[in-house]
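Take a look at the structure below.
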Amino acid sequence: MTPEHLPIELYDAQLAEKVARLQSMMAPFAAPAPEVFRSPVSHYRMRAEFRIWHDEDDLYHIMFDQETKQRIRVNSFPAASELINALMPAMLDGVRDIPALRFKLFQIDYLTTMSNQAVVSLLYHRKLGEEWQQHAEALRDNLRAQGFNVHLIGRATKTKIELDQDFIDERLTVAGKEMIYRQVENSFTQPNAAMNVHMLEWALDATRGSKGDLLELYCGNGNFSLALARNFNRVLATEIAKPSVASAQYNIAANEIDNVQIIRMSAEEFTQAMNGVREFRRLEGIDLKSYQCETIFVDPPRSGLDADTVKMVQAYPRILYISCNPQTLCENLEVLSETHNVSRLALFDQFPYTHHMECGVWLTRK
């Protein structure tokens, strides 16, 4: 597969291979057949990063072949949103003949939304100052005159220049309700927006009729917390990254949700707090014992849950686990399956045409 050609005709076969592989991996845990959620076959990625190659008077986007390390010129990228594809040539046209914008530019990052907004970050191997800002403002105004709802950011070592803002607001319809999600440049967001909606709706369906409160670890910008809030009395969520916590707090207000509390701490720290190992000033004013959490939701990094967190998670009657790495999910299930059954299994094709799988499991106590 080249960046400019997607093997759309192979999509069904590749998805079937993933389904078979996931079923094989989950067989030791007596998992039911997976519920399978297809991705759009093109224009599914809401963000993309490209290196910039300078060739005398010209410059262009490139990617590197992961195996050969050869550079590949990229004029279009059908895996990315239509907005990214429209912005790519417009950005190059805007910087090509402007030395202040072009000199030592080595990367351009694109972040877009289904609501047609974009943040574009230009990364440099040099200092940025007033001259860069003046020309960047002219470029931004020119792009907006072309109809792009875009914000530009300049980045260099220890420097970040925002012309307007470093975020955009995504709007997704989740189970009949519009949700607003602030997405900050250089922070984690779900790359495949259509698949994100499938994941949120599946999680809502799995937790329908839940009793009590929800505890969530690794909540990011509140992506799942806010959607799931309608199924629970209260939601207590943790996240360690400051920009994500700030976005989550904004999203709570923007969606007029009054039953979600975000705490800035890692899953490991929260486990220590719950087990009484350490006291945290960040928990002052929050009565953990008042929460009746019968359900816990985890969406950990690729490394999965650490051993102490797995044990803590086991204490909850119901566990909702979204995983971007089924290998570490299975490692965690070796412990969790001692106390819980896999009641539901889902495959979300977040990354078409790759080996990667995103999946979800709904665990109920034996």
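The values are calculated or read from the model by the stated rules, or taken from the named source; none is laboratory data. Being a predicted model, the structure only gives us computed values, none of them experimental. Please note: Cβ atoms are built from the backbone with ideal geometry, for glycine as well, and neighbour counts cover all protein chains shown. Side chains included, ligands, DNA and RNA excluded: accessible areas come from the protein's heavy atoms. Shrake-Rupley method; radii C 1.70, N 1.55, O 1.52, S 1.80 Å.
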> Could you give the radius of gyration (one decimal) and Dmax (whole number) of the Cα atoms in the range 1-131, in Å?
Replying inline: 19.2, 63
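What do you reckon, how do GLU82, GLU216 stack up by accessible area (1.4 Å probe), largest on top? Numbers along the way, then the final one.
Values: GLU82 130, GLU216 0 Å².
Ranking GLU82, GLU216 by accessible area, largest first, yields GLU82, GLU216.
Can you give the Kirkwood hydrodynamic radius of the range 93-167 from its Cα pairs, in Å with one decimal?
Working: mean 1/r = 0.0800 Å⁻¹.
By the Kirkwood definition, the hydrodynamic radius is 12.5 Å.
How would ARG230, ARG45, ARG182 line up by accessible area, probe 1.4 Å, largest first? All intermediate terms of the calculation are to be shown ahead of the outcome.
Working: ARG230 95, ARG45 60, ARG182 40 Å².
Of ARG230, ARG45, ARG182, the descending order of accessible area is ARG230, ARG45, ARG182.
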>> Expected output is a single nm value to one decimal: the length gained when fully extending between ALA86 and PHE64, i.e. 0.36 nm times separation in residues minus the C-alpha distance. What is it?
In response: 5.8 nm
> So what is the accessible area of the range 1-158 per residue, in Å², with the probe set to 1.4 Å?
Replying inline: 53 Å²
>> Report the number of Lys pairs in the chain whose alpha-carbons are under 29 Å apart, with separation of 8 or more residues or on distinct chains.
In response: 23
>> Just to confirm my numbers, what's the Cα centroid distance between the range 46-119 and the range 127-197 in Å?
In response: 15 Å
> How much of TYR218 can a 1.4 Å solvent probe reach, expressed as accessible area in Å² and rounded to 10?
Replying inline: 50 Å²
> Rank ARG140, ARG234, ARG318 by accessible area, highest first, at a 1.4 Å probe radius?
Replying inline: ARG234, ARG318, ARG140
>> Restricting to Cα atoms and excluding each atom paired with itself, what does the Kirkwood estimate give for the range 118-213 in Å?
In response: 16.1 Å
>> Suppose each label sits 7 Å from its Cα in the direction of the beta carbon; what would the LYS366-LEU283 distance come out to in nanometres?
In response: 3.0 nm
> Taking 0.36 nm per intervening residue step and subtracting the Cα-Cα distance, what contour gain separates SER266 from ARG144 on full extension?
Replying inline: 40.0 nm
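I need the shape label for the range 236-366. Rule: rounded when a/c is under 1.5, else prolate if a/b > b/c, else oblate, with a, b, c from the alpha carbon gyration tensor.
Numbers: a/c = 1.78, a/b = 1.29, b/c = 1.38.
It comes out oblate by the Cα gyration axes.
When the chain is fully extended, how far beyond the present Cα-Cα distance does ALA33 get from GLU137, taking 0.36 nm per residue of separation? Display every interim value, and only then the final one.
Values: separation 104, 0.36 × 104 = 37.44 nm, distance 5.32 nm.
32.1 nm is the gain from fully extending ALA33 to GLU137.
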>> Need one number: nm distance between label points at MET274 and GLN14, each 7 Å from Cα along Cα→Cβ, rounded to one decimal.
In response: 3.7 nm
> Dimensions of the chain along principal axes (Cα, Å, largest first)?
Replying inline: 67, 51, 37
>> With a 1.4 Å probe and all protein chains kept in place, how much accessible area does THR159 have, in Å² rounded to the nearest 10?
In response: 40 Å²
>> I'd like to compare 18-24, 253-259: which one has the highest average count of other Cβ atoms within 10 Å, and what's the full order after that?
In response: 18-24, 253-259
>> Using the crude model of +1 on Lys and Arg Cβ and -1 on Asp and Glu Cβ, and no other charge, please compute the dipole size for the range 78-206 relative to its Cα centre, in debye to 20.
In response: 480 debye
> Which residue, chosen from VAL342, THR309, CYS359, occupies the Cα position most advanced towards the positive end of the dipole of the range 300-366, where the dipole is computed from +1 (Lys, Arg) and -1 (Asp, Glu) charges on Cβ about the Cα centre?
Replying inline: VAL342
> Considering only GLY154, ILE296, ILE98, whose Cα is most displaced toward the positive end of the charge dipole of the chain, charges sitting on Cβ of Lys, Arg (+1) and Asp, Glu (-1)?
Replying inline: ILE296
> Going by a ≥ b ≥ c, the root eigenvalues of the Cα gyration tensor, does the range 40-196 fall in the rounded group (a/c under 1.5), the prolate group (a/b larger than b/c) or the oblate group?
Replying inline: oblate
> Distance in nm between label sites at HIS125 and SER290, each 7 Å beyond Cα in the beta-carbon direction?
Replying inline: 5.6 nm
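Which GluC sites (Glu not before Pro) does the range 271-306 hold that lie in a coil by DSSP with at most 15 other beta carbons within 10 Å?
On the way: sites: GLU279, GLU284, GLU294; in loops: GLU279, GLU284.
Within the range 271-306, the qualifying GluC sites (Glu not before Pro) (loop, at most 15 other Cβ atoms within 10 Å) are GLU279, GLU284.
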> Using unit Cβ charges (K, R positive; D, E negative) and no other charged atoms, how large, in debye to the nearest 20, is the dipole of the chain about its Cα centre?
Replying inline: 660 debye
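Diagonalise the Cα gyration tensor of the range 203-301 and give the resulting equivalent ellipsoid semi-axes, square root of 5 times each eigenvalue, largest first, whole Å. Working shown, then result.
Working: eigenvalues 78, 52, 31 Å².
Value: 20, 16, 13 Å, ordered largest first.
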